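K.L.:
Pasting a structure here, questions to come.
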Amino acid sequence: MINPVHHIKYVTVVTLIVSIFFLISNTSMAEISDPTGWKEAKVQTVSLKDCIEIAYANNLQLVAARNRLGIAEADRIKASFLLPSNPKVISKVGERDGPDGARTTDYMVRLSQEFQVFGQRRKRINVSNKLIERVKFEISDMERDVIAKVKANFYEVLTFLEIVKLREYAENIFERIHSASEERYKAGAISALELNSMKIRYGVARQQHLIADNNYQNSLLDLKLILGKPRDEVLNIQGKLSYEELKISMDDILVSAYKTRPDLKVAEIEKERASKEITLRKAEIVPNPTLSGFFSREERTDDIVGGFVSISIPVWDRKQPELKKARTAKSTASINISNKRLEIQNDVATAYRTFMAAKQGIAIYTEDIMPQVNENLKLNEISYKEGKINFVGFLTVQSDLIETQTTFFQALLSYNKAIINLEAASGVQMKALD
């Protein structure tokens with residue numbers, strides 16, 4: 001059959017259009033059904049410094065705490081008003097019978113304004129400023145806690161990631177040992193007891209790998225939570241695990257804590273605020289006067305313009321409840337200061353004792369154990385190449401050395417956490433951010 005050329009062109013064009021439409025439709029449906037197939041998830045690489053900055057901006061606890069600062073600032077705005085209340089305007093219009101019996105209309109307008117005396121405005125501003133200062137230190141205290149959690153979670157993620165790598169390597173080793181043991185058992189070189197022992201060790205290695213991976217994932221979720229990140233966002237943690245010897249005395253830490261701990265500052269500022277509130281309440285015992293001016297017009301009589309001053313007499317209300325409340329707040333603040341100093345002493349002593357124990361533990365690894373582990377890794381490889389040990393013996397030694405490396409990372413994590421606790425107890429950064 002012979003088709004005309006124009007018919008072939010027509011069919012070709014239509015087919016091309018349909019094909020393009022079908023391709024576009026499939027592409028759109030693919031993007032809807034499986035967007036990850038076309039666009040990879042964005043991976044954010046963050047360091048410890050980045051994590052702290054993200055927590056400052058996104059942590060919900062800090063965001064909520066900063067909102068309290070807005071409430072305190074609103075109190076200062078009200079305290080800064082030049083006059084304590086809005087002026088009052090009173091107007092009256094009335095009719096009455098005049099002397100001649102005719103109806104007359106009278107008018108009266110009065111304007112009143114309350115004024116503050118004895119420096120009440122300045123004293124009220126001082127009280128609100130101390131409240132703002134206290135809230136700022138409360139926010140700083142929460143930031144101290146959040147930073148400690150960020151650092152601890154960050155080092156947990158790094159540590160568990162290294163442990164996952166070691167556990168995965170150990171599982172591969174025991175898998176190879178298990179396979180070799182089965183071959184040797186078939187050849188009659190080992191007993192069933194030895195084969196079962198290898199199976200048990202292989203199962204334990206697999207279970208330890210699962211535990212390590214679970215610990216890593218949980219620590220990563222905890223870090224995302226404190227950073228204010230969604231759990232499905234991909235985070236690539238960038239950092240290094242290293243041992244840095246820290247030399248510091250407990251007396252130095254305690255002195256720094258007394259100077260810089262924001263929770264102690266909160267109690268001290270609250271005492272100052274209560275003292276200023278007492279001064280304010282004493283000034284409020286004398287009531288504020290109200291100045292009034294009026295204009296009155298009565299028909300067939302003269303207009304009247306005048307004014308007067310009104311003030312309540314402080315016979316019953318002499319601000320006794322407010323003064324008692326302020327004095328109680330000051331007394332409570334003094335108690336809280338003493339209690340907080342005792343808490344700081346306990347925090348520093350506990351953190352320092354934990355730090356010294358962790359420091360001694362990591363020193364054993366860095367000075368005595370890890371150099372031997374690194375040397376044994378080389379010797380084990382040399383011995384295997386020279387035929388002094390068989391393949392199973394080589395893998396077994398490797399596994400033991402991996403276990404030692406795992407405990408080293410755990411000791412290093414304990415040491416880093418101890419430094420973080422010291423920083424939180426003293427309120428001073430002791431280790432540089434990576």
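Derivation of every value follows stated rules applied to the coordinates shown; laboratory data play no part. What you see is a predicted model; the values in this text were computed from it and never measured. Cβ: placed from backbone, ideal geometry, glycine included. Neighbour counts: every protein chain shown.
K.L.:
Quick one: in the range 369-433, what % of C-alpha pairs are over 15 Å apart?
P.N.:
63 percent
K.L.:
Does anyone have the angle between helix 320-364 and the longest principal axis of the chain? Alpha-carbon axes, 0 to 90°, nearest 10?
P.N.:
On a 0 to 90 degree scale, this one is about 10.
K.L.:
About the Cα centre of the chain, what is the dipole size in debye to 20, counting +1 per Lys and Arg Cβ and -1 per Asp and Glu Cβ, all else neutral?
P.N.:
1440 debye
K.L.:
For mean projected area of the Cα convex hull in nm², pick the label among [x] 24.3; [y] 54.1; [z] 28.4 that corresponds to the value derived from the coordinates.
P.N.:
It is the value labelled [y].
K.L.:
Using only the Cα atoms of the range 234-274, build the gyration tensor, take square roots of its eigenvalues as a ≥ b ≥ c, and label the shape rounded, prolate or oblate: rounded if a/c is under 1.5, else prolate if a/b is larger than b/c, else oblate.
P.N.:
Here the range 234-274 falls in the oblate category.
K.L.:
Ordered by packing density, taken as the mean number of other Cβ atoms within 10 Å over each peptide's residues, highest first, how do 147-155, 335-343, 207-215 rank?
P.N.:
147-155, 207-215, 335-343
K.L.:
What's the angle, to the nearest 10 degrees (0 to 90), between helix 120-186's Cα axis and the longest principal axis of the chain?
P.N.:
10 degrees
K.L.:
Straight distance only, please: which aspartates and glutamates reach the Cα of K88 with their own Cα at less than 19 Å, same-chain residues fewer than 8 apart left out?
P.N.:
Cross-link targets: E114.
K.L.:
With only alpha-carbon atoms counted, please give the Rg and Dmax of the range 304-408, in Å.
P.N.:
36.8, 123
K.L.:
Among the listed pairs K78/K282; K49/K417; K149/K330; K276/K340; K78/K229; K149/K259, which have their C-alpha atoms separated by more than 27 angstrom in this model?
P.N.:
K149/K330; K78/K229
K.L.:
Moving on. Would you mind computing, in nm to one decimal, how far apart the modelled labels at D222 and E182 are, each placed 7 Å from Cα along Cα→Cβ?
P.N.:
3.8 nm
K.L.:
Next question, about the same structure. By how many degrees, 0 to 90 and rounded to 10, does the Cα axis of helix 48-58 deviate from the longest principal axis of the chain?
P.N.:
It works out to around 40 degrees.
K.L.:
First select every other residue whose beta carbon is under 14 angstrom from the beta carbon of H209; then total the charges, Lys and Arg +1, Asp and Glu -1.
P.N.:
Once all neighbours under 14 Å are counted, the net charge is -2.
K.L.:
Next question. In whole Å, largest first, what are the principal axis extents of the Cα atoms in the range 249-362?
P.N.:
Projected onto its principal axes, the Cα set of the range 249-362 covers 104, 26, 16 Å.
K.L.:
Tell me, what are the semi-axes, in whole angstrom and largest first, of the equivalent ellipsoid of the range 41-126 as set by the roots of 5 times the Cα gyration tensor eigenvalues?
P.N.:
63, 19, 6
K.L.:
Jot down the radius of gyration and Dmax of the range 108-228, Cα atoms only, both in angstrom.
P.N.:
Final numbers for Rg and Dmax: 33.1, 121 Å.
K.L.:
How much net charge surrounds E375 when only other residues with a Cβ under 15 Å from its Cβ are counted (Lys, Arg +1; Asp, Glu -1)?
P.N.:
Neighbourhood net charge equals -3.
K.L.:
Also, quick follow-up: Would you work out which of L69, N58, L377 lies farthest towards the positive end of the dipole of the chain, given +1 charges on the beta-carbon of Lys and Arg and -1 on that of Asp and Glu, about the Cα centre?
P.N.:
Checking the options against the dipole of the chain, the answer is L69.
K.L.:
Which whole-number percent gives the relative contact order of the chain, counting Cα pairs below 8 Å spaced six or more residues apart?
P.N.:
About 23 percent, as a whole number.
K.L.:
A further question on this structure: Mind checking which of Q207, A326, A411 is farthest towards the positive end of the chain's charge dipole, using Cβ charges of +1 (Lys, Arg) and -1 (Asp, Glu) about the Cα centre?
P.N.:
Going by the charge dipole, the pick is A326.
K.L.:
From the helices alone, meaning DSSP H stretches of at least four residues, give me the mean residue ellipticity at 222 nm for the chain, per-run term -39500 (n - 2.57), in deg cm²/dmol to the nearest 500.
P.N.:
After summing the helix terms and dividing by residue count, I get -24500 deg cm²/dmol.
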